[in-house]
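None of the figures in this text is laboratory data; all of them are computed from the coordinates on show. Keep in mind that what you see is a predicted model, and the values were worked out from it rather than measured. Don't worry about glycine lacking a Cβ; one is built from the backbone with ideal geometry, like all the others, and counts go over all protein chains shown.
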Amino acid sequence: MYDSQDYDSDQSIISDSSTDIEEIVMNLNSSFNDSDSDSDYVSDSDSDNSYNSDLYGYSEDDEINIRDSLHFYSEKVDQHYYIGMCDYISPTNTLLMSTTISPPMYFQLSFQSCYRYLYNYGITNQMYPFTPNIHIMKLNIQNDGTYSVILKTFWIKIIQRKWKKIYKQRIEVIRQRMTIYSLKYKENNGNWPSTISYLPTLYGLMVN
């Protein structure tokens, strides 16, 4: 499986310590706001039954490609983030962009459908030992035109671990605020006791 652990030995492939996680989120989110034509096309294709998969012999992968064709055939932008698959080229120790899917389409489909589509429509030809997986990828167009990528999916795992810890802290603070002592203290003083005055949030999640 393509996983951040597989490439820990080569940080040039998977990691750029200067990258802000907010940049990744905002870049992917812009696909919903700035690429209105893509979203409109997806919506129009859903409501337009002008083609029939059974009649024309389309597979599910073909249908997805038709609905997401504006994204699929669009020119990809250097240093932007994409959802998709990549292929590992061992001689040059490089990850090549295989194929991508637009965020609106990705969230409309099941993971299995996305996986099959990205695999069947991509250049990925390895199944073992580097089983392809769906990743967040930062595109790096090289001087010779090669579409190499840097995997950023590991940020999701880091955020999940951080949030799990924060969530437990939130539950404990809320539990303590529900005690008679805490409620009475707030009623008399206008604020919670100092030990439970702060309710942890997403803000500052990645600081520590």
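Along Cα→Cβ, 7 Å out, is where each label goes; now give me the distance between the ones at Phe107 and His80 in nm to one decimal.
Rounded to a tenth, the inter-label distance reads 1.8 nm.
What nm distance separates the two modelled labels at Tyr198 and Thr179, each placed 7 Å from Cα along Cα→Cβ?
Rounded to a tenth, the inter-label distance reads 2.0 nm.
I'd like the Karplus ³J(HN,Hα) series for the stretch 142-158: coefficients 6.51, -1.76, 1.60, θ = phi - 60°, whole numbers in Hz, and an x wherever there's a Gly or Pro.
Per-residue couplings from phi come out as 7, 4, 8, x, 5, 8, 8, 9, 10, 6, 10, 4, 4, 4, 4, 5, 5 Hz.
For each of Cys86, Cys114, count neighbouring Cβ atoms within 10 Å of the residue's Cβ, then give the residues from fewest to most.
Cys114, Cys86
Can you put Asp87, Asp144, Asp62 in order of Cβ neighbours within 10 angstrom, beginning with the fewest?
Ordered from fewest to most neighbouring Cβ atoms within 10 Å, Asp87, Asp144, Asp62 come out as Asp144, Asp62, Asp87.
If you take the beta carbon distance between Thr146 and Asp62 as r and set R0 to 30 Å, what does 1/(1 + (r/R0)^6) give as a FRET efficiency, to the nearest 0.05?
0.60
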